[in-house]
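The values are calculated or read from the model by the stated rules, or taken from the named source; none is laboratory data. Predicted model, so just to flag it, every value in this text is computed and none were measured. Heads up, the Cβs are rebuilt from the backbone with ideal geometry, glycines too, and the neighbour counts pull from every protein chain shown. Quick note on the areas: whole protein, heavy atoms, side chains included, nothing else; ligands and nucleic acids left out. Shrake-Rupley method; radii C 1.70, N 1.55, O 1.52, S 1.80 Å.
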Amino acid sequence: MEWLSLLSYPLFFLNLVGIYAVLVLGLNMQWGMTGQFNIGIAGFFAVGAYTSAILTTGPSDNWLGGFDLPFLAGIAGAVIVTIPIAWVIGRITARLRTDYLAIATIGIAEIIRLFFLNEGWLSNGTRGIPGIDAPFDVGNAGYLLIVAVFVAGTYLLVEIARRSPWGRILRAIRDNEAATAAAGKDVARFRLEAFVVGSCIMALGGGLYAHFVGFISPEAFRPLYGTFLVWVMLIAGGSGNNRGALLGALVVWIIWSSTEVLADLMPTALIGSESAFRIFLIGVLLQIILVSRPQGLLPEKRPRMPGEGR
């Protein structure tokens, strides 16, 4: 029907917004709540996508497949496989802070991406893994409901964690690590736990992405798409605020998607290429937000200290 064809792009758009929202919630667990400067999001994104793809595809002579498991088993497998990987990476980088952690994690993410690129027996190399089916053959409209359920569930869980004693300790580590350690808290353990939980959420986003697109290759997990965009979404929405993370995913993806229309209205000599123009617009957006609203569109609500006015 004609009205269904008119809805095809909005449904495609909202599915990707939901998938990126899951990734941003995972980053908010690490950076927004704990202050861990992880620039290796794309690595866990890729682990989740490839794990779910391998577990759910049928037999193939080109990559490790043939398990033909259901969708939920693939998603669960993506999270379970990520746990030991994130734990090892978290242990290795436990003593690193700020820019040193950023350098280490982006390097690890590239190692993971290049591993999938070169180990053809596992991932089919540059040719990628095709034929990753969505559950129940539901189409974009049905898959949007599935993504919405995962976004809502993830948001609920991370919001409960944020308000729990565990979450308060994470924010205390972010705000004053020395004072938190002096209070007798095992800072290293809490940081590692937050890193593993955030990475598993990113892997969940990877699994959802694989089943939505139906095809994955190492090109999909370059830092621009798997890391840079996620960071811009969190900063734009409001670091430390889970609702801000969701809003940032929507706003930034609207701008990212609208560049095709804007590029058609501008001379090619002026914008160079559509991809360069996209990055330019996202950079301008980021600068505007950092200058006008450095805490994001929905800033984190800090608890009122004793003696402060209403």
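Among the residues of the stretch 289-301, the one identified as surrounded by fewer than 11 Cβ atoms within 10 Å (Cβ to Cβ) and among the basic types (Lys, Arg) is Lys301. Among the residues making up the stretch 96-120, those that are closer than 14 Å to Pro218 by Cα and touching a residue at least 12 places away in the same chain (Cβ under 8 Å) are Ala109, Glu110, Ile111, Ile112, Arg113, Leu114, Phe116, Leu117, Gly120. Is there a residue being free of Cβ contacts under 8 Å to residues at least 12 places away in the same chain, over 22 Å from Val147 (Cβ atoms) and among the basic types (Lys, Arg) anywhere in the stretch 190-205? Within the stretch 190-205, none of the residues are free of Cβ contacts under 8 Å to residues at least 12 places away in the same chain, over 22 Å from Val147 (Cβ atoms) and among the basic types (Lys, Arg). Scoring Gly107 on the criteria (1) crowded, with 18+ Cβ neighbours inside 10 Å; (2) under 21 Å from the mean Cα position of the chain (by Cα); (3) of a type in the set (Gly, Ala, Ser) leaves a single failure, condition (1). The set of residues in the stretch 147-181 that are over 27 Å from Leu96 (Cα atoms) and free of Cβ contacts under 8 Å to residues at least 12 places away in the same chain comprises Val149, Ala152, Gly153, Leu156, Leu157, Ile160. Return a yes/no flag: does the stretch 121-128 have any residue that is farther than 30 Å from Ala178 by Cβ, in a helix (DSSP H, G or I), open to solvent by 60 Å² or more (accessible area, probe 1.4 Å) and among the hydroxyl-bearing types (Ser, Thr, Tyr). Yes, the conditions are met somewhere in the stretch 121-128. Residues of the stretch 64-96 that are more than 21 Å from Phe150 (Cβ to Cβ), open to solvent by less than 80 Å² (accessible area, probe 1.4 Å) and out of contact with any helix residue (DSSP H, G or I) (no Cβ under 8 Å at 6 or more places or on another chain): Gly66, Pro84, Val88. Are any residues in the stretch 145-160 over 10 Å from Ala21 (Cβ atoms) and open to solvent by less than 40 Å² (accessible area, probe 1.4 Å), and if so, which ones? Those that are over 10 Å from Ala21 (Cβ atoms) and open to solvent by less than 40 Å² (accessible area, probe 1.4 Å): Ile146, Gly153, Val158, Glu159.
Number of residues in the stretch 84-95 that are touching a residue at least 12 places away in the same chain (Cβ under 8 Å), assigned to a loop (DSSP other than H, G, I, E, B) and of a type in the set (D, E, K, R): the value is 0. Taking the stretch 133-196 and the helices (runs of 4 or more DSSP H) fully enclosed by it, the elements with 3 or more residues that are in contact with a helix residue (DSSP H, G or I) (Cβ under 7 Å, 6 or more places away or on another chain) and within 19 Å of Val79 (Cβ to Cβ) are at 139-163.
The number of residues in the stretch 37-55 that are open to solvent by 10 Å² or more (accessible area, probe 1.4 Å) and assigned to a loop (DSSP other than H, G, I, E, B) comes to 2.
Of the residues contained in the stretch 240-248, none is found to be polar (S, T, N, Q), buried (at least 18 other Cβ atoms within 10 Å of the Cβ), at pLDDT 90 or above and out of contact with any Leu (no Cβ under 9 Å at 6 or more places or on another chain). Looking at Ala236, Ala210, Ala220, just one residue is open to solvent by less than 10 Å² (accessible area, probe 1.4 Å), farther than 27 Å from Arg95 by Cα, modelled with pLDDT under 95 and part of a helix (DSSP H, G or I), and that residue is Ala236.
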